Every structure is written in structure tokens, then in C-alpha cells.
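Colleague: I have a structure here, written as C-alpha cells, and I will follow up with some questions on it.
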Amino acid sequence: MKLNRTLILWGVAGFLILAYILSFAFVQKTDKRKSFKTAYVNAKYKNEINKFKLTKNDESIFLTKQDGIWYVQQNGKNDFIPASQERVQKFIAELIKVRNMYKITDSIQGQNSYIFTLDDAFCIKYQTSLENFPELLFGKMDFAQISRYFMTGKAATVYETDTAIDVFSSVSVQNWSEPYIVSRSLIGNLTAKDVQSVSVSYGNQKKTHNSSSENFYDICTKFLDLRHGGIFYEENAEGASSDELNVSSNAHSTSDEPLFINLEFGNKSSAEFLIEQKGEGVYKVHCVYKFDRKKSQISYNVKISSWTYNKIKEIML
């Protein structure tokens, strides 16, 4: 009797599994949605796009290309820093990728149907030097959580497509910025071997490191690998929390003396870093990059933690 009950239960379970599998096959066969292949952005604009505005939850950032380099900037702020060139290129590659789309409807009663409101949608605006394009709007995911609703700002047509764009839906400046204190973007494929000399000034201490110095390449490698904590905003210097600045609770006490570092590279360019304490656990790094024997330059400010500040002194002094 017990064996019969077990067989019946296994039979019912097998039937339910088979019915579940067949239901998907039936849905696929009867799916009459209009499907087609297209891209979010025409590939011919790949190298012509010079600006993006990304908006989500009423917050925005700008990605702007200048002299072939992408920079990231928070909306409403003048401050900017180099963006992760690799991340931006992957983002553009995703936009011009040809993908499957399904037409859901030609019109919607209200944008809330698929969550295309400004408070909920992820919005991408892009432009070239000659043209502004309709915004791209990404709404909520479908019921199965495997695809996302999409529309453009020029029409009310709603499409369903994949969720690959989600990887790039952050509007955090730090998420899009190049993480290193010494920019790889501005200097190129930078390694320790590209550094010819390092000059350091800290109070009355002055040091110069070059290829004839002991552990020169080790010094350069360690400094080049250090990371910043994002853009330094002057108005937020005082009273910033340790969470915002990633300050270690075990950080050593620091001096008010400014720390100045100058790197000379073999391609006729240089980088200067003036590090100043702006409050408890608050350190501003003013970065200046000079190119072509100082005929042109670019500068910006980033922030670092107490741990990073002390690490730089340990490396350089």
C-alpha cells in the first residue's frame, strides 16, 4: 500500500513537471508578438557621440568626451574627473549592439503602466556635435524578471528586450570614474617604467627618486596603484562623515603640512599632486596634468582617505 502511494506521488510529480515544460513550449509557439532585431543607437554614431546624460531616481550624471578622453560629472556641479574609458566603451558597445526586441503596444494609457516616469525609469540622452537624439527610456522588468520594457522619447511605442543595460544603469560618479589617483586615461597605458623621476616635498623634507634610486620602480608601482574616493567638493569638505570618505578607524594622526608630488614621464608630460588636509579625515588631492612640455594642461580634485594619505607618505618619504 505504501509503495502504491509512493508511485502515485511520483506519477503526479512527473505529470506536473511535464506540464510545466510543455507550457513554456506552448507559450513560445503561440507568442505572436512582433519581434525584430535592432540597436538602441545606430552604430554609425559610435565615434561621433560626445556626450551622455544618465538619469535615474531624479539624479543625473554627464559623460563628456573632450580631446578623445571621457570625463564624468555630477549634474549641477562644475567639478569633473576622468571616467573609466573601458567602462564607457563597453557602455557604447552595448548601445550599438543589435538585439532582439518585441513590440508590446503602440500606445499606452499612461506611462505608469510600464514605469516610465522620471522617478522610476533609467533615462539615457546622447548627442553628437551636430545632433541631439531622442532619449532612451528603460522601465520596469516583466513579470518573469528576465526582460525589461523600453521606449524612446519620440514615440509611445513600448518594446520588451533584454536586461543587459542594467549593468550600466548607475548614476553614481564614483561608479563611472577612473579609480586611480594617477590617471591612466590622461597619460595612456601607464606603467612604472614610464616614470622618469619623482619629486617629493613635505614640510622641510625634499626627495627625488629616479631610475638610479633604490627601489625606484617599486615606489612608482605602489603609488600608481593607489585609488581615490571620488571627486572632492569644496563645499562638503567640513563635516564629511567617515563613511563618505572611507576613513579607517585605525588611521594615524596626520600633519597639516601639504604633501607635493611631481611625476615626470618619458612622453614629455608630467603630473603634479598637491595633497592637503581639509578637516578631520578629509584630504583633497589637486591633480594637474601637463602635456607637450606644459603647453596644455588639465586639472581636477579628488578625495582620499587617511589610510591612503599615510600610505603615500610611507611610499614617498
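Colleague: Starting from segment 131-154, keep only residues that are free of Cβ contacts under 8 Å to residues at least 40 places away in the same chain and among the charged types (D, E, K, R), then list their pairs with residues that are open to solvent by less than 80 Å² (accessible area, probe 1.4 Å) and in a loop (DSSP other than H, G, I, E, B) whose Cβ atoms are within a distance under 6 Å, requiring at least 6 positions of separation or different chains.
Modeller: Glu135/Gly153; Lys140/Ile115; Arg148/Thr163; Lys154/Pro134
Colleague: Considering each of Phe15, Phe52 in turn, give the residue that is surrounded by 10 or more Cβ atoms within 10 Å (Cβ to Cβ), modelled with pLDDT of 90 or more and aromatic (Phe, Trp, Tyr).
Modeller: Phe52 is the lone residue from the list that is surrounded by 10 or more Cβ atoms within 10 Å (Cβ to Cβ), modelled with pLDDT of 90 or more and aromatic (Phe, Trp, Tyr).
Colleague: Moving to a separate point now. Just checking, does segment 83-104 include any residue being in contact with a strand residue (DSSP E or B) (Cβ under 8 Å, 6 or more places away or on another chain), over 22 Å from Leu63 (Cα atoms) and in a loop (DSSP other than H, G, I, E, B)?
Modeller: yes
Colleague: On to the next question. Kindly list the number of the only condition in (1) exposed (fewer than 15 other Cβ atoms within 10 Å of the Cβ); (2) more than 25 Å from Lys77 (Cα to Cα) that fails for Val167.
Modeller: (2)
Colleague: Residues of segment 117-144 being over 24 Å from the mean Cα position of the chain (by Cα) and exposed (fewer than 12 other Cβ atoms within 10 Å of the Cβ), which ones?
Modeller: Of everything in segment 117-144, those that are over 24 Å from the mean Cα position of the chain (by Cα) and exposed (fewer than 12 other Cβ atoms within 10 Å of the Cβ) turn out to be Leu130, Glu131, Phe143, Ala144.
Colleague: Could I ask something else about it? Does Lys29 qualify as being modelled with pLDDT under 65, surrounded by fewer than 13 Cβ atoms within 10 Å (Cβ to Cβ) and not in a strand (DSSP E or B)?
Modeller: It is true that Lys29 is modelled with pLDDT under 65, surrounded by fewer than 13 Cβ atoms within 10 Å (Cβ to Cβ) and not in a strand (DSSP E or B).
Colleague: What residue, among those in segment 49-79 that are of a type in the set (D, E, K, R) and part of a strand (DSSP E or B), is nearest to Cys287 (Cα to Cα)?
Modeller: Lys65
Colleague: Which residue out of Ser177, Ser183, Ser197 is in contact with a Ser or Thr (Cβ under 9 Å, 6 or more places away or on another chain), surrounded by 15 or more Cβ atoms within 10 Å (Cβ to Cβ) and under 20 Å from Lys303 (Cβ atoms)?
Modeller: Criteria check complete, one pass: Ser177.
Colleague: Residue under question is Ser23, and the condition is that it be within 30 Å of Phe133 (Cα to Cα), modelled with pLDDT under 90 and of a type in the set (S, T, N, Q); does it hold?
Modeller: The answer is no for Ser23.
Colleague: Which condition number in (1) open to solvent by less than 30 Å² (accessible area, probe 1.4 Å); (2) hydroxyl-bearing (Ser, Thr, Tyr); (3) modelled with pLDDT of 95 or more is the one that Ser299 fails?
Modeller: With (1) open to solvent by less than 30 Å² (accessible area, probe 1.4 Å); (2) hydroxyl-bearing (Ser, Thr, Tyr); (3) modelled with pLDDT of 95 or more applied to Ser299, the lone miss is (1).
Colleague: Are there any pairs with C-beta distances below 8 angstrom linking a residue in segment 293-317 that is over 14 Å from Asp225 (Cβ atoms) and of a type in the set (Gly, Ala, Ser) to a residue that is in a strand (DSSP E or B) and at pLDDT 95 or above, with the two at least 6 apart or on different chains, and if so which?
Modeller: Ser299/His286; Ser299/Cys287; Ser299/Val288; Ser299/Tyr289; Ser305/Tyr283; Ser306/Tyr283
Colleague: Which of the residues that make up segment 278-296 are in a strand (DSSP E or B), at pLDDT below 95 and in contact with a Ser or Thr (Cβ under 8 Å, 6 or more places away or on another chain)?
Modeller: Listed by number, the residues that qualify are Lys290, Phe291.
Colleague: Strands (runs of 3 or more DSSP E) wholly in segment 106-192 with at least 2 residues that are at pLDDT below 95, of a type in the set (Phe, Trp, Tyr) and touching a strand residue (DSSP E or B) at 6+ places or on another chain (Cβ under 9 Å) - which ones?
Modeller: 148-152
The values are calculated or read from the model by the stated rules, or taken from the named source; none is laboratory data. Note that the structure is predicted; figures quoted are calculated from it, not measured. Reconstructed Cβ throughout: ideal geometry from the backbone, glycine too, with neighbour counts over all protein chains shown. Ligands, DNA and RNA are excluded from the accessible area calculation, which covers all protein heavy atoms including side chains. Shrake-Rupley method; radii C 1.70, N 1.55, O 1.52, S 1.80 Å.
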